[in-house]
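Contents: one structure, followed by commentary.
Just so you know, all these numbers are worked out from the coordinates, no wet-lab data involved. Since we're looking at a predicted model, the values are computed, not measured. So basically every Cβ, Gly included, is an ideal-geometry build from the backbone, and we count neighbours across all protein chains shown.
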Amino acid sequence: MYTCIKMHKNNMMDIYKLRVKLLHALTDKTRLEILSLLRHGEELCSCDLEKTIDKSQSTLSRHLKKLTEADIISARKEGVKVLYKIKDPHIYKLIANIDNLIKRNEKFQKIVEIQTSI
């Protein structure tokens, strides 16, 4: 019985680590902007992303690496360009659920109202 509980605990710890890695990748405005640009399923190179997102190439590369390491986006080389795309569109369901939590929370609603009225 103890071995079974210990194995379950170890498996849960692995799941928690994966959840933290995934959620941590979503805790940055720039990375959320990147996901928004990749939302329609097309591949974009970092040069295309750089034109839209006001960040340096090195900063953008760091964020793309974080999303790639979290297995949210994939990267493939085509000549000198690296093309990025969403690996699993279910990530947008997670983001939508977060948005719904914000909409349902009175404290967050007040913050959103203040920011949109400025």
Using Stokes-Einstein with the Kirkwood hydrodynamic radius over Cα pairs, what translational diffusion coefficient do you get for the chain at 10 °C and a viscosity of 1.306 mPa s, in µm²/s rounded to a whole number?
96
FRET efficiency for D99 and S56, Cβ-Cβ distance as r, R0 = 22 Å, nearest 0.05?
0.15
Segment L32-I111, length gained on full extension (0.36 nm per residue, minus Cα span):
26.5 nm
Kirkwood hydrodynamic radius of the stretch 7-57, from inverse mean 1/r over distinct Cα pairs, in Å
13.0
The chain - mean residue ellipticity at 222 nm from DSSP helices (-39,500 (n - 2.57) per run, n ≥ 4, rounded to 500)
-21500 deg cm²/dmol
With +1 on each Lys and Arg Cβ and -1 on each Asp and Glu Cβ, how big is the dipole of the chain about its Cα centre, in debye rounded to the nearest 20?
440
Above-threshold pairs, the threshold being 29 Å between Cα atoms, out of K21/K55; K17/K110; K77/K103; K51/K107; K17/K51
K17/K110; K77/K103; K51/K107; K17/K51
Candidates S46, S74, S58: whichever shows maximal mean-square fluctuation once the chain is modelled as a Gaussian network with Cα springs under 10 Å:
S58
What net charge is computed for the residues neighbouring H63, neighbours being all others with C-beta under 12 Å from the C-beta of H63, Lys and Arg scored +1, Asp and Glu -1?
+2
